[in-house]
1. With all protein chains present, how much of the accessible area of the range 1-100 (probe radius 1.4 Å) comes from carbon and sulfur, to the nearest whole percent?
2. When the chain is treated as a GNM, springs tying every alpha-carbon pair under 10 Å, which of Gly88, Gly108, Gly54 comes out with the largest mean-square fluctuation?
3. Please find the FRET efficiency linking Ala11 to Ser83, where r is the Cβ-Cβ separation and R0 is fixed at 25 Å, and quote it to the nearest 0.05.
4. Taking only protein heavy atoms into account and a 1.4 Å probe, give the accessible area per residue of the chain in Å².
5. Using a Gaussian network model on the chain with a 10 Å cutoff between Cα atoms, which of Ala31, Ala111, Ala12 fluctuates the most?
6. Once you have a ≥ b ≥ c as the square roots of the Cα gyration tensor eigenvalues for the range 1-71, tell me rounded if a/c is under 1.5, and otherwise prolate or oblate according to whether a/b is larger than b/c.
7. Considering the chain as a Gaussian network with a 10 Å cut-off on Cα pairs, which listed residue, Val124, Val80, Val72, attains the greatest mean-square fluctuation?
8. Under a crude label model (7 Å from the Cα following the beta-carbon direction), how far is Asn100 from Lys74 in nanometres?
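The values are calculated or read from the model by the stated rules, or taken from the named source; none is laboratory data. Please read these numbers as outputs of a predicted model, since none were measured by experiment. Counting neighbours? That spans all protein chains shown, and the Cβs are built from the backbone with ideal geometry, glycine included. For the accessible areas, the whole protein counts, side chains as well, though only heavy atoms, and no ligand, DNA or RNA atoms are used. Shrake-Rupley method; radii C 1.70, N 1.55, O 1.52, S 1.80 Å.
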Amino acid sequence: MDVSLALLADAANTSRDGKLNLLGIFDAIQAPQFPSTHPSMMLVLRLEASAADGDRAHALDVRFIDADGGQVFKLDGRVVVPSSLEPGQPHQFTHPIQINGLALEGPGQYAFEVRLDGVLAATVPLRVLRSPAAPPPG
């Protein structure tokens, strides 16, 4: 199984006919002061599986890493691939992960590391910037 798409967005959903809808794709956010909390974002993953991946659960974990490589938090999960996949026909499915109240200690380069069955499958960078100071009124 592979990650064919990994990104951050303000919102994401999948339509009835399987289309992925994304709103507000980004790789940087700003905060006026630190520590800060980002209210909400979506980590959107599109996973691609083959028939060989079917009929079993795959470990999926996401680690949020700070600029020093330290783990800020980790999300553990499982992805079950159906056994009905036909050989030679890859199956893609979207796995959006809602992240609320992301605590940020300071500006810098952060990243979401996505692992499938313990193997690093994707890295999604996130630059955190200090908002420019507003000019004084008048």
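1. The nonpolar share, carbon plus sulfur, comes to 46 percent.
2. In the Gaussian network model the winner is Gly88.
3. My answer for the efficiency is 0.20.
4. 58 Å²
5. Of Ala31, Ala111, Ala12, the Gaussian network model singles out Ala31 as fluctuating most.
6. Numbers: a/c = 3.18, a/b = 1.52, b/c = 2.09.
Judged from the Cα gyration tensor, the range 1-71 comes out oblate (a/c at least 1.5, b/c at or above a/b).
7. Val80
8. 2.4 nm
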